[in-house]
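Everything below concerns the one structure shown next.
The values are calculated or read from the model by the stated rules, or taken from the named source; none is laboratory data. Just so it is clear, the structure is predicted and the values come from calculations on it, not from any experiment. With ideal geometry, Cβ positions are generated from the backbone for all residues, glycine too; neighbour counts draw on all protein chains shown. The protein model used for the area step is the full one, side chains on, heavy atoms only, and it has no ligands, DNA or RNA in it. Shrake-Rupley method; radii C 1.70, N 1.55, O 1.52, S 1.80 Å.
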Amino acid sequence: MSAKLLREIAEGLFPKNFTCDLCGKETFDDTNLCPDCRKKVTFNDGAACPVCGRKTATNELCIECKAHAPVFDRAVSAMVYAEGGMGLVLKFKRGAAYMKDGFADMLEPKCRPFEDVDGVCFIPMTARAERKRGYNQARLLAQELAERLNLPLLPVLIKTKDTKEQKSLTRRERENNLKGCFAARKSEVEGRTFLVVDDVMTTGATADEAAATLKKKGAKAVYFAFIASVEYKKEI
Ligand SMILES: [Zn+2]
Ligand SMILES: [Zn+2]
């Protein structure tokens, strides 16, 4: 049988039936968003804050970072957490594990400039919360990014207590809610630089708590990669 015929049979059995990640309509090509839904996603590839990576109007330090210098060293994010970007993150959290590939496509080039990273880790869930959901989406994406960046996956952060949903809390309440919720072992952290993966950055309070935990145990530098972050001017 010729190679051409084999390919035709394979294409007949497994047609390139790609669908839109947001609305489920066929896209008829290898993109994961239909033209209408693509318009609803704001990709974070223009001006951004050089520290927290949030989309900004100019490449200057955002108001959040000026008011409150983050504990982490730098962060990047692929999309703005609003409309389509929010929809994509929610779908990933609800079980669409395959979406890690598309997110890694966007984050990999943004993470390459981080120097001297010793390993990739992720924001953990408590064992109970992970059992309930079935998987930790941040771990999936961290694994994918680690492979692509040729770095080891180092799951050095441990979640020690359940925390309330951050959404309805004020900044002060968020900080108290998170206080002491992570742990790490000095022997696994000291002298190392980490790239930490999480799904969303809103105020950055979770990222700061994780970075503070790692730095207290002697981490040299802590970078973050988020699927999406809120624009600095928008309070969530
Ligand atoms: Zn669509
Ligand atoms: Zn910033």
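Listed values, structure above:
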{"quantity": "First in the stretch 51-63 and near ligand 2 (Cβ under 7 Å from one of its atoms) and open to solvent by less than 70 Å² (accessible area, probe 1.4 Å), second anywhere and part of a loop (DSSP other than H, G, I, E, B) and of a type in the set (S, T, N, Q), Cβ under 7 Å, 6 or more apart", "calculated": "C62/T56"}
{"quantity": "Count - residues of the stretch 26-47 that are away from ligand 1 (no atom under 16 Å from the Cβ) and either out of contact with any strand residue (DSSP E or B) (no Cβ under 8 Å at 6 or more places or on another chain) or in contact (Cβ under 8 Å) with a residue 12 or more places away in the chain (or both)", "calculated": "3"}
{"quantity": "A146 being surrounded by fewer than 17 Cβ atoms within 10 Å (Cβ to Cβ), among the aliphatic types (A, V, I, L, M), more than 22 Å from L61 (Cα to Cα) and assigned by TED's automatic domain parsing to the domain that holds L107", "calculated": "no"}
{"quantity": "Residue check for G85: within 20 Å of G204 (Cα to Cα) and within 16 Å of ligand 1 (Cβ to nearest atom)", "calculated": "yes"}
{"quantity": "Failed criterion for A210 (all others in (1) part of a helix (DSSP H, G or I); (2) open to solvent by 50 Å² or more (accessible area, probe 1.4 Å); (3) within 23 Å of Y81 (Cβ to Cβ) hold)", "calculated": "(2)"}
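Residue-by-condition table, conditions (1) surrounded by fewer than 18 Cβ atoms within 10 Å (Cβ to Cβ); (2) among the aliphatic types (A, V, I, L, M):
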residue: D73; (1), (2): yes, no
residue: L88; (1), (2): no, yes
residue: F92; (1), (2): no, no
residue: G95; (1), (2): yes, no
residue: M99; (1), (2): no, yes
